[in-house]
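So that we are looking at the same thing, I have put the structure below in structure tokens.
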């Protein structure tokens with residue numbers, strides 16, 4: 001991991017993260033919180049956020065839920081730029097990265113349904129749906145069933161209804 005403190009990310013922030021991963025090398029919440037700290041809306045920037053997400057996913061074991069850091073980073077980028085009106089999520093490089101992260105994470109045979117497991121497929125379902133990747137979204141919705149997580153659905157006023165609408169659209173548009 002690149003741990004050179006930026007102008008805004010303090011050594012103390014990195015030290016706290018290092019302490020967490022020393023005890024638990026793939027601590028999901030620790031990685032999610034560090035990714036948030038690296039977002040431009042808090043203390044970082046897009047380059048730092050994406051570098052962190054990519055390095056974390058690359059070093060995580062196959063089937064790790066840490067793959068969700070990639071769609072999270074792309075979603076943070078979209079939100080920072082006030083939506084996806086420019087088709088950012090449909091860019092070939094973005095789609096390739098999202099699919100590669102899913103292949104290494106939630107679509108990998110080693111992905112396990114252990115405590116907290118629904119968060120990763122919910123994140124992938126959301127971002128795949130936003131990117132019009134209907135079959136990929138439908139696969140994640142099928143895995144999830146009715147297990148809706150707060151994030152990312154609470155980005156909308158009616159998260160449960162948004163989940164149902166996105167799921168129905170993914171199934172319909174993928175022919176399921």
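Looking at segment 88-107 only, could you name the residues that are surrounded by fewer than 15 Cβ atoms within 10 Å (Cβ to Cβ) and closer than 24 Å to residue 150 by Cα?
Listed by number, the list holds a single entry, 103.
Determine which member of the set 124, 128, 52 is more than 21 Å from residue 163 (Cα to Cα), under 16 Å from the mean Cα position of the chain (by Cα) and surrounded by 23 or more Cβ atoms within 10 Å (Cβ to Cβ). Reasoning before the result, please.
Values: 124 fails: more than 21 Å from residue 163 (Cα to Cα); 128 fails: more than 21 Å from residue 163 (Cα to Cα).
Going through 124, 128, 52 in turn, just one is more than 21 Å from residue 163 (Cα to Cα), under 16 Å from the mean Cα position of the chain (by Cα) and surrounded by 23 or more Cβ atoms within 10 Å (Cβ to Cβ): 52.
Let me ask you something else. In segment 21-40, what residues are touching a residue at least 60 places away in the same chain (Cβ under 8 Å) and farther than 30 Å from residue 81 by Cα?
From segment 21-40, those touching a residue at least 60 places away in the same chain (Cβ under 8 Å) are 28; that's our starting set.
If the condition is that a residue be touching a residue at least 60 places away in the same chain (Cβ under 8 Å) and farther than 30 Å from residue 81 by Cα, then no residue fits.
Still on this structure, please answer the following. Scan (1) under 14 Å from residue 65 (Cβ atoms); (2) at pLDDT below 95 for the single condition residue 120 breaks and write down its number.
(2) is the only condition that residue 120 fails.
How many residues are in a loop (DSSP other than H, G, I, E, B) and over 15 Å from the mean Cα position of the chain (by Cα) when one looks only at segment 149-176? Reasoning before the result, please.
Taking segment 149-176 and keeping what is in a loop (DSSP other than H, G, I, E, B), we get 149-152, 156-158, 174-176.
If we keep only those that are over 15 Å from the mean Cα position of the chain (by Cα) too, we end up with 156-158, 174-176.
Of the residues in segment 149-176, 6 are in a loop (DSSP other than H, G, I, E, B) and over 15 Å from the mean Cα position of the chain (by Cα).
Take residue 73 and decide whether it is modelled with pLDDT of 95 or more, closer than 25 Å to residue 48 by Cβ and touching a helix residue (DSSP H, G or I) at 6+ places or on another chain (Cβ under 6 Å). If you could, list the steps in order and put the result at the bottom.
On the way: modelled with pLDDT of 95 or more: yes; closer than 25 Å to residue 48 by Cβ: yes; touching a helix residue (DSSP H, G or I) at 6+ places or on another chain (Cβ under 6 Å): yes.
For residue 73, the condition - modelled with pLDDT of 95 or more, closer than 25 Å to residue 48 by Cβ and touching a helix residue (DSSP H, G or I) at 6+ places or on another chain (Cβ under 6 Å) - is met.
For segment 138-148, check the following and say yes or no: at least one residue is out of contact with any strand residue (DSSP E or B) (no Cβ under 9 Å at 6 or more places or on another chain), farther than 17 Å from residue 65 by Cβ, surrounded by fewer than 22 Cβ atoms within 10 Å (Cβ to Cβ) and in contact (Cβ under 8 Å) with a residue 40 or more places away in the chain.
No, segment 138-148 has no match at all.
The values are calculated or read from the model by the stated rules, or taken from the named source; none is laboratory data. All values derive from a computational prediction rather than experimental measurement. Quick reminder, even Gly has a Cβ in these numbers, built from the backbone with ideal geometry, and neighbours come from all protein chains shown.
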